[in-house]
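The block underneath contains the structure these notes are about, expressed in structure tokens.
Bear in mind that the values in this text are calculations on the coordinates, not laboratory data. Treat the numbers as computed from the prediction; the structure is a model and nothing was measured. Virtual Cβ from ideal backbone geometry, glycine too; neighbours counted across all protein chains shown.
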Amino acid sequence: MTQTASPWFAPASAIPSSWLYESFRIANEREREHPGQIKLHVGEPAFGPPDSVAKEFAAAVQEGRARYIDVQGLPELRERLADKLDTVNRVDTEPARLFVTPGSCQGLSALMRCLAGSGAEILMPEIHWPVHLQQALLAGFRPVFYKLDEHFAPDPESIRRAAGPATRVLLLNTPANPTGAVSGLPLQQTLYEIADERGWQIISDEAYEDFAFSGPHLSIAALERDRPASQRIVNSVFTFSKGPAMTGYRLGYVAVSRPETAAAMRSVQESCIIAPNAPVQYAGLAALDASAALAHNHDFVRGNRDAALPSLVDEGLLPALPGGGWYAMADISCTGMTGEEFSAELMLRHDVVVVPGSGFSARPEFAADGTMRPLKPGGVASGLVRIAFCVEREQLVTGVELLVALVREKRQR
Ligand SMILES: Cc1ncc(COP(=O)(O)O)c(C=O)c1O
């Protein structure tokens, strides 16, 4: 009897779309029959990009500047970004180690592909942005999770304990999505020392750099600005989606640590994108000239936080106001409900949409032969829900009031 080979399946099919998209899908479906939802689930800000951004984008298209360019991005944009990193972030880099990317999401994915290797482990926060987990798995990393403290900051002891001989990368994200936690200088110094002692690379996702509310944002790469590039360990990732609100333009950038990582990035990027979109980069140059918008947007989101979130702290649902970012994770476990149950009831009864926490703490499981079991939501954030506070203020205040009212109604302790 001839043996039929088992059909090949793509390992990526074990990695589902993130549960963020599931929340978007459910809310969009309901919106058709129940318009007027209060949308606290999407990180789409109430403000838009500066006017000059659209003008410059259109001019670049109309003037024939939409052509293939260097795989790393427009030289003039990379020059400007190197200056910005030096003066604003205190990060020393050079255009040769800078990559302009279609959103920072693609930059993160490409970077993970450069840093992954057979059996390599990446250390990630136990409550994380689910796209980081997708990216790590698709790059071929084995994710290992470190604990967060009561304010959702990385716990260095847990990082030391979780690490093993196969650890290659430490993923950090400050200000963090979904928790809003901000890592201060002493913590960043400790994390840097651990990674450096053990020979790891760091991926520092700084998408929310313009939204640190208790002092200037600190880039961990600033700690190694005086080291030669060949010894550096920090790869920093930034975006135009948050500060200047260019969410749909898809523009980000990555400053890689070492020349050899830059060489690997060039190959990965050539194979994935050939080159980033050219008109969007001219729009990015315009955004860099409109820095007043950053201060305005920072103040707006901070004002939202201060207007709406103190009631969550008073109610015992948040340990403190988030130190930065666009999101807060409210602990609704006092209701005896899961995040899914609570979010569903909040949407069905009050038309307020939030995201259940379980999608932010999923833990992949692997069979003995190394294949991954289908990824499911669950874990430490199952009793939490994520609230986006970058949205229109009145909506946010009303949505949070309705959430608190539902918690009071259901509270069991
Ligand atoms: C932590 C974090 N990193 C990166 C991104 C990606 O942003 P973009 O691809 O729009 O630059 C997001 C978007 O929500 C995010 O929350």
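Results, tabulated for the structure shown:
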quantity	calculated
Residues with amide H under 5 Å from that of G180, placed H, sequence gap 5 or more	Y327
Simple label model, 7 Å out from Cα along Cβ direction - A96 to A320, nm	4.3
Loop-exposed chymotrypsin sites (Phe, Trp or Tyr not before Pro) per DSSP, neighbour cap 12 Cβ within 10 angstrom, longest uninterrupted part of the chain	69-413
Extension reserve of the D306-S267 stretch, reckoned as 0.36 nm per residue once the Cα distance is removed	9.5 nm
The chain: Lys pairs at Cα distance under 21 angstrom, eight or more positions apart or on different chains	4
Long-range HN-HN contacts of I202 with modeled amide H, under 5 Å	L170, V234, N235
Phi-based couplings in Hz for the stretch 169-183 (Karplus 6.51, -1.76, 1.60; Gly and Pro marked x)	9, 10, 9, 10, 8, 9, x, 9, 9, x, 8, x, 6, 10, 8
For the chain: rounded, prolate or oblate by the Cα gyration tensor [a/c cutoff 1.5]	rounded
Whether the stretch 214-300 is rounded, prolate or oblate, judged on the alpha carbon gyration tensor where a/c under 1.5 counts as rounded	oblate
Nearest-0.05 FRET efficiency for R160 and I26, computed from C-beta distance (R0 51 Å)	0.80
FRET efficiency, 1/(1 + (r/R0)^6) with R0 41 Å, evaluated for D226 and S118 via beta carbons	0.75
Karplus-derived HN-Hα couplings along the stretch 224-238 (A = 6.51, B = -1.76, C = 1.60, θ = phi - 60°), whole Hz, x at Gly and Pro	10, 5, 9, 8, x, 4, 5, 10, 7, 10, 9, 10, 10, 10, 10
Residue-span extension gain [A58 to A290] - 0.36 nm each, minus C-alpha spacing	81.8 nm
Residues with amide H under 5 Å from that of R142, placed H, sequence gap 5 or more	A120, E121, I122
R198/E365 FRET efficiency (R0 30 Å; Cβ-Cβ; nearest 0.05)	0.75
Approximate spin-label separation F47-E392, in nm, with each point projected 7 Å along Cα-to-Cβ	1.7
